[in-house]
1. For B:Pro303, are the conditions met, namely being more than 14 Å from chain A (Cβ to nearest Cβ) and modelled with pLDDT under 95?
2. Consider A:Gly163 against the criteria (1) within 22 Å of A:Ser227 (Cα to Cα); (2) within 13 Å of ligand 3 (Cβ to nearest atom): it satisfies all of them except one. Which criterion is unmet?
3. Taking the condition in contact with an Asp or Glu (Cβ under 6 Å, 6 or more places away or on another chain) and within 16 Å of ligand 3 (Cβ to nearest atom), does A:Ser151 pass?
4. Counting just the residues of the stretch B:465-522 that are acidic (Asp, Glu) and not in a loop (DSSP other than H, G, I, E, B), which one comes out nearest to the other protein chains (Cβ to nearest Cβ)?
5. A:Asn79: surrounded by fewer than 24 Cβ atoms within 10 Å (Cβ to Cβ) and either within 8 Å of chain B (Cβ to nearest Cβ) or within 15 Å of ligand 2 (Cβ to nearest atom) (or both), yes or no?
6. Search the stretch B:218-234 for residues that are at pLDDT 95 or above and pair each with any residue that is basic (Lys, Arg) when their beta-carbon atoms are under 6 Å apart and the residues are at least 6 apart or on different chains.
7. Please find, among B:Trp407, B:Trp400, the residue that is among the aromatic types (Phe, Trp, Tyr), more than 21 Å from A:Tyr26 (Cα to Cα), surrounded by 20 or more Cβ atoms within 10 Å (Cβ to Cβ) and more than 14 Å from chain A (Cβ to nearest Cβ).
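The values are calculated or read from the model by the stated rules, or taken from the named source; none is laboratory data. Here the structure is a predicted model, which is why all the values come from computation and not from measurement. Cβ coordinates were reconstructed from backbone atoms using ideal geometry, including for glycine residues, and neighbour counts include every protein chain displayed.
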Amino acid sequence: MTYLAKPRLHHPELPKNKLGYTHRDYEGAVSTLCAGCGHDSISGAIIQAFFELELPPHRVAKLSGIGCSSKTPTYFLGNSHGFNSVHGRMPSVLTGANLANRDLIYLGVSGDGDSASIGLGQFAHALRRGVNMVYIVENNGVYGLTKGQFSATADRGSKSKRGAVNNDQPIDLVLLALQLGASFVARSFSGDKAQLVPLVKAAVLHRGAAFIDVISPCVAFNNHAGSTKSYDFVREHNQAVNRLDFMPTHSRFGAQAAQGARRLQPGRSYRGNKLPAAARRCGRDRHRTVVRTARCHGFACGTQHRRHSAQRIARSRARSRRRRAGEVQRVVALSAQVLDAVTCNSSSPRTRGPRGV
Amino acid sequence: MQGGSGMSKVSPIRAVNDFVVKFANVNGSGSASANLLFAKAILRMGVPVAPRNIFPSNIQGLPTWFEVRVNEAGWRGRRGGVDLMVAMNPQTWDEDLKEIEPGGYLFYDSTKALPASKFRDDVNAIGMPLTAICNREYSDARQRQLFKNIIYVGALSTLLEIEPETIAELIGEQYKGKEALLKPNVQAMHMGRAYAENNLDWPLGVRVRRTNAVGDRIFIEGNSAAALGCVYGGATVCAWYPITPSSSMAEAFARHCKRFRTDPASSKARYASVQAEDELASIGMVIGASWNGARAFTCTSGPGISLMQEFIGLAYFAEIPAVIFDVQRGSPSTGMPTRTQQADLLSCAYASHGDTKHVLIFPQDPKEAFEFAALSFDLADRLQTPVFVMMDLDIGMQEWLCDPLAWDSRRHHDRGKVMSFQDLESGKEFGRYLDVDGDGIAYRTYPGTHPSRGSYFTRGTTKDRYAHYTEDGATYVDNMQRLLRKLETAKQYLPEPVRRKAGAPTRFGAIYFGSTAPVMDETLAALESQGIHLDTLRLRAFPFHDAVSDFISEHEQVFVVEQNRDAQMRSLLINELVIDPGKLIPVLHYDGTPITARFILREIGEKLAMFNVTPLRKVAP
Ligand SMILES: Cc1ncc(C[n+]2csc(CCOP(=O)(O)OP(=O)(O)O)c2C)c(N)n1
Ligand code: SF4
Ligand SMILES: [Mg+2]
């Protein structure tokens with residue numbers, strides 16, 4: 001498949017954001033992925049998030065590794081510089097880019113093979129350095145581009161399209177990201193745009209390493225019965241922990257949590273306010289527990305390590321609305337203010353990036 | 001002669017300001033700084049020295065040597081052979097003894113009597129009970145060890161007539177502000193002198209005499225000079241992973257930057273130095289930073305180059321500037337990690353999979369390391385491709401006497417072809433891989449430049465002139481041909497080879513490069529004095545200038561002198577310039593020690609004899 005340009009005809013009535021950009025201005029070339037591929041929905045969510053955030057596309061640098069997922073930066077933010085690097089090594093390229101210029105927004109897109117298999121080392125080190133970026137893994141449990149071999153996130157006992165059973169333990173990138181000190185960690189589902197778009201927005205406004213693991217079914221190689229990453233399986237086993245605009249407020253993790261603990265059942269995941277009391281000790285631990293408990297049984301989506309108060313979010317949005325085009329630097333600063341205000345659930349704020357130029 | 005001290009059967013070597021001293025020590029015993037003190041004292045007396053620290057891959061316990069060539073004529077390479085051995089390591093005694101020239105000197109610790117079999121009757125043994133003296137003077141074990149080094153430096157200063165005031169002055173500089181250390185060191189030095197004056201025959205036949213042969217030259221390690229070159233060259237990002245012998249370059253860069261690149265007002269760092277998790281990441285960071293408009297480099301050695309291969313191919317194909325310093329060491333694998341070689345030529349010239357070819361530059365000493373380091377960033381930006389600065393341990397980690405580093409303040413950085421916001425705004429056509437000037441080099445843009453023009457997608461897959469993905473064969477070929485054109489263009493920017501005509505017309509030539517050069521200078525002078533003439537060419541860059549093939553075709557036979565087993569430079573010449581292999585005679589030195597003048601002299605001498613070359617004029621020895 002070669003490059004397909006999108007017709008540049010703009011409908012005069014298309015709604016514009018405050019910068020005067022339409023949704024179209026955030027799109028890229030026509031996708032060459034399989035029809036129905038989860039990755040395309042994630043591209044859609046990214047387009048929507050940036051449109052709504054009213055960020056000038058050219059101030060974003062999008063970087064990826066190799067794989068179907070890593071191809072997607074061609075399909076969104078056509079006016080951004082993009083970099084399709086080598087397999088498993090987007091994080092180092094992104095880190096380097098970050099060292100050269102701190103004023104851009106860095107969006108890293110990767111796959112489960114790219115980040116959990118060949119690139120696990122670079123994934124880990126970028127997070128532990130707290131590189132200022134949004135890091136999205138489009139997680140389908142297989143190597144899509146090389147035709148369906150298991151990746152390191154494939155669940156134990158899940159079956160490949162040809163019927164082979166995966167006997168190895170999966171790597172849970174969310175748990176790993178927490179362990180490594182990422183300051184924003186979330187899991188979502190490509191089929192749940194209502195949840196994914198606000199998550200991406202929050203991640204973009206977060207200063208520090210923001211990681212989102214998005215379950216993203218591969219229709220060509222991992223959408224059959226016996227797969228734990230098929231649309232059917234995910235839909236059946238996923239219950240969003242929360243419906244959020246940006247985040248749940250702190251108070252939602254309230255007094256009822258202890259009683260909620262009793263309701264944990266296999267095959268279901270749970271809302272954040274139904275957690276065992278022990279899990280409430282501290283934010284990061286709590287989150288880990290949500291994920292760990294849920295992972296035994298299914299998915300915990302929309303869970304989030306970093307929480308922002310609703311008022312603060314509203315304030316920062318109001319401020320961001322006042323932003324002029326091109327002033328991306330201030331967006332970063334704004335999110336940093338939000339971040340500083342909500343460090344309650346981790347031992348130290350991870351605002352530190354690599355030393356910049 | 002018996003095991004103690006005495007004069008040899010052969011008449012003792014007599015030489016002023018022209019001899020080789022070698023210290024044999026145990027690693028971790030604190031000898032390195034005392035030995036360097038010895039070398040610097042001679043330098044302060046106006047006599048050029050060329051020190052070589054020959055150290056093991058070990059922190060404590062293994063043998064280590066420090067060779068000091070004292071040479072008023074200023075030859076900076078190794079001569080070969082040892083005139084005075086300071087044998088402080090019983091483990092290596094036998095092999096150290098063998099190295100001494102007939103008529104040479106052996107200085108040793110005579111605390112324990114040694115059998116006569118441990119000596120040579122053509123070597124003058126000078127025993128001094130160092131351990132006994134230290135045991136008597138000091139109670140602390142570490143002090144006994146450390147001061148022993150200073151005591152022998154003191155004794156040697158008497159034997160070789162090195163000025164004690166000069167040594168004291170250097171100790172004073174070293175321990176400035178640390179009176180507690182300064183005094184005992186000076187005392188130890190004098191203790192050594194007193195013993196030598198009262199108990200040994202002094203001075204020796206070899207000795208130092210104050211002169212003025214150093215001039216304004218400076219004493220500097222190649223890694224430090226190269227790192228300074230990076231600062232002058234405008235590098236702001238260094239990503240690296242520790243590996244001998246390159247680590248000290250990254251450390252020097254951070255040190256220089258701390259001094260020169262810290263914003264005085266805000267005290268903020270205006271640079272980034274990242275110790276990456278491995279070489280895969282360090283080169284990735286360099287590529288990311290360069291793509292985004294910074295001048296970035298990594299420094300590594302052979303094993304690191306191997307890990308970087310895939311990324312190097314990406315940088316070549318996607319045309320991203322990247323500067324890589326390869327401080328070469330003994331290879332393959334972990335090889336001899338603390339020894340020197342020039343054995344990464346092929347793995348760098350053709351690094352990565354597929355059809356690739358890269359720019360290499362070969363500095364000969366720290367001064368050129370400084371200059372080439374700064375130049376490498378211009379080259380990388382101008383050519384939008386990886387550039388390898390081919391150093392080696394000998395240049396990088398040894399201190400060399402060099403002309404002062406110089407920088408023309410009018411010089412500006414060549415950032416190559418970059419389209420600005422104004423260019424794009426004015427409607428200039430932008431195609432990331434569009435060869436508008438016919439030199440194979442296209443314009444690039446930095447991310448974030450313009451809201452609607454000039455963005456493009458960087459990829460390792462095939463693309464058309466506008467950076468769009470394609471799998472079209474003709475487009476691929478078009479692109480690969482342009483990359484060749486670009487390398488052709490590169491030649492005009494690369495340092496030219498240095499040619500030297502022999503004193504008389506000759507059919508023979510010699511090609512050499514890098515750290516072999518200072519040794520070659522001496523070899524040629526020696527050959528010339530024997531009436532043997534060789535035209536020479538010092539390579540300074542790859543791809544080769546046209547002058548290189550001219551040089552080869554002008555001579556019947558050409559020696560290619562290099563420090564590796566497989567004659568890698570010769571292979572490059574044959575392959576790239578389509579040369580009859582029989583024309584190029586390899587001269588190879590690869591035991592991990594720096595090549596010596598005697599070695600080249602012998603090799604070339606023997607080979608010329610096979611061609612029935614008779615010296616043009618005999619010169620009295
Ligand atoms: C060094 C290297 N090894 C192998 C490959 C082949 N390869 C291309 S994509 C891919 C797997 C991609 O899997 P994932 O990251 O999960 O992306 P997906 O296609 O599933 O979105 C592999 C193994 C490669 N490109 N480079
Ligand atoms: S192979 Fe799978 S991952 Fe790749 S495009 Fe098709 S559906 Fe998506
Ligand atoms: Mg995958």
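1. Values: more than 14 Å from chain A (Cβ to nearest Cβ): yes; modelled with pLDDT under 95: no.
No; evaluated as a whole, the condition is false for this residue.
2. (2)
3. On the way: in contact with an Asp or Glu (Cβ under 6 Å, 6 or more places away or on another chain): yes; within 16 Å of ligand 3 (Cβ to nearest atom): yes.
The answer is yes for A:Ser151.
4. Going through the stretch B:465-522, the residues acidic (Asp, Glu) turn out to be B:471-472, B:478, B:488, B:496, B:521-522.
After this cut, where a residue has to be not in a loop (DSSP other than H, G, I, E, B) as well, the list is B:478, B:488, B:521-522.
On the way: B:Asp478: 15, B:Glu488: 27, B:Asp521: 40, B:Glu522: 43 Å.
Among those that are acidic (Asp, Glu) and not in a loop (DSSP other than H, G, I, E, B), it is B:Asp478.
5. On the way: surrounded by fewer than 24 Cβ atoms within 10 Å (Cβ to Cβ): yes; either within 8 Å of chain B (Cβ to nearest Cβ) or within 15 Å of ligand 2 (Cβ to nearest atom) (or both): yes.
Judged against the criteria, A:Asn79 is a match.
6. Partner pairs satisfying both residue conditions: B:Gly234/B:Arg295.
7. On the way: B:Trp407 fails: surrounded by 20 or more Cβ atoms within 10 Å (Cβ to Cβ).
Of the residues listed, the single one that is among the aromatic types (Phe, Trp, Tyr), more than 21 Å from A:Tyr26 (Cα to Cα), surrounded by 20 or more Cβ atoms within 10 Å (Cβ to Cβ) and more than 14 Å from chain A (Cβ to nearest Cβ) is B:Trp400.
This table checks each residue for (1) among the aliphatic types (A, V, I, L, M); (2) within 14 Å of another protein chain (Cβ to nearest Cβ); (3) within 16 Å of ligand 1 (Cβ to nearest atom); (4) farther than 30 Å from A:Arg129 by Cβ.
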site	(1), (2), (3), (4)
A:Lys159	no, no, no, yes
A:Leu173	yes, no, yes, no
A:Leu178	yes, no, no, no
A:Phe184	no, no, no, no
A:Pro198	no, no, no, no
A:Ile212	yes, no, yes, no
A:Val219	yes, no, yes, yes
A:Asn223	no, no, yes, yes
